[in-house]
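A.B. asks: Below you will find the structure I want to go over with you.
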Amino acid sequence: MNLDDETSVHSPSADQKIASAATAITMSKIDEPARTAPETHAITMSSTTQPCRIAQDSPLLSLPPELRNQIYELILISPPESKPTITPTYLPPALISVCHQIRTESLKLWLSSNTFSITILNCEVELAKRFQNTFMSTSGLKEGPKMSFRMKGSPNWGNLMHWCEAVYMGETTWFQCKENAKGLSVVVTAATRMAGTPGRKGWERVREDLEGWRHVAGIVDERWLVDDGEGEGEGGGQV
């Protein structure tokens, strides 16, 4: 949903109800403009169920569904220029943790309406997998959330194979490099898209195809041919 081109008009009674609910729930500021991005909370993302913050009988639930939806949109949908940035200590907006019913109503909107930014270091995709797996099981979505990957670090074939396997298994998405990109991004784009091509029979067959293509990646950067420390690449500069 995109609120930039829409103007919501409420009757005085509806505005009073929204204001009352906003006062009663303290997790977010809903009286700010729609372009205000949700805050990032430094709490470890380690389980598929986040705790509820207040009782199930939240005053927010006394509002009509259409008004609750408008509140969810104002709080949960970030403007395009302000993507939610996923880190190892990221937690979603606190509104989602108010209670079970509000989580059920709002989680799908939050995941489907935003593009999430994740930095991939040395082709290590575990953070993206963990983020997707944490919320997909309870969101009701059939497809994973949209992600914007920022590539940093050095080539690591072992990590790239883990990424490709995750793409093949539907645990995360493939990478799309920018136009005229070079080096690391080009190889990652080609490999992950090969892994995500429909109709392939079995991951082992896909891996064999990728290994057969590896020498091409080595022409771009010979570090793709290094096996020592596979899956344990060290940090490097942005590519």
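A.B. asks: With the structure loaded, tell me whether L91 is in contact with a Ser or Thr (Cβ under 8 Å, 6 or more places away or on another chain), crowded, with 20+ Cβ neighbours inside 10 Å and among the aliphatic types (A, V, I, L, M) or whether it fails that test.
C.D. replies: No.
A.B. asks: May I ask you to verify whether R150 is modelled with pLDDT of 90 or more and assigned to a helix (DSSP H, G or I)?
C.D. replies: Here the answer is no, as R150 does not meet what is asked.
A.B. asks: Moving on. Which one of these does R130 not meet: (1) part of a strand (DSSP E or B); (2) in contact (Cβ under 8 Å) with a residue 40 or more places away in the chain?
C.D. replies: Exception for R130: condition (1).
A.B. asks: Return the residue satisfying two criteria in turn: it lies in region 111-127 and is out of contact with any Ser or Thr (no Cβ under 7 Å at 6 or more places or on another chain) and part of a helix (DSSP H, G or I), and of such residues it is nearest to C164 (Cα to Cα).
C.D. replies: E126
A.B. asks: Just give me the residues in region 168-209 being closer than 25 Å to L111 by Cβ, surrounded by fewer than 22 Cβ atoms within 10 Å (Cβ to Cβ), free of Cβ contacts under 8 Å to residues at least 40 places away in the same chain and not hydroxyl-bearing (S, T, Y), in sequence order.
C.D. replies: M169, G170, W174, Q176, C177, K178, R193, G196, P198
A.B. asks: For the structure I just gave you, tell me whether E143 is closer than 23 Å to T192 by Cα, in a loop (DSSP other than H, G, I, E, B), in contact with a helix residue (DSSP H, G or I) (Cβ under 9 Å, 6 or more places away or on another chain) and not polar (S, T, N, Q).
C.D. replies: Yes: the conditions hold for E143.
A.B. asks: Right, another one. Just give me the residues in region 175-226 being in a helix (DSSP H, G or I), aromatic (F, W, Y) and out of contact with any Gly (no Cβ under 7 Å at 6 or more places or on another chain), in sequence order.
C.D. replies: W203, W213
A.B. asks: Of all residues in region 123-142 being closer than 28 Å to E211 by Cα and not hydrophobic (A, V, I, L, M, F, W, C), which is surrounded by the most Cβ atoms within 10 Å (Cβ to Cβ)?
C.D. replies: Going through the qualifying residues, I end up with Q132.
The values are calculated or read from the model by the stated rules, or taken from the named source; none is laboratory data. Worth saying up front: this structure is predicted, and the values here are computed from it rather than measured. Cβ: placed from backbone, ideal geometry, glycine included. Neighbour counts: every protein chain shown.
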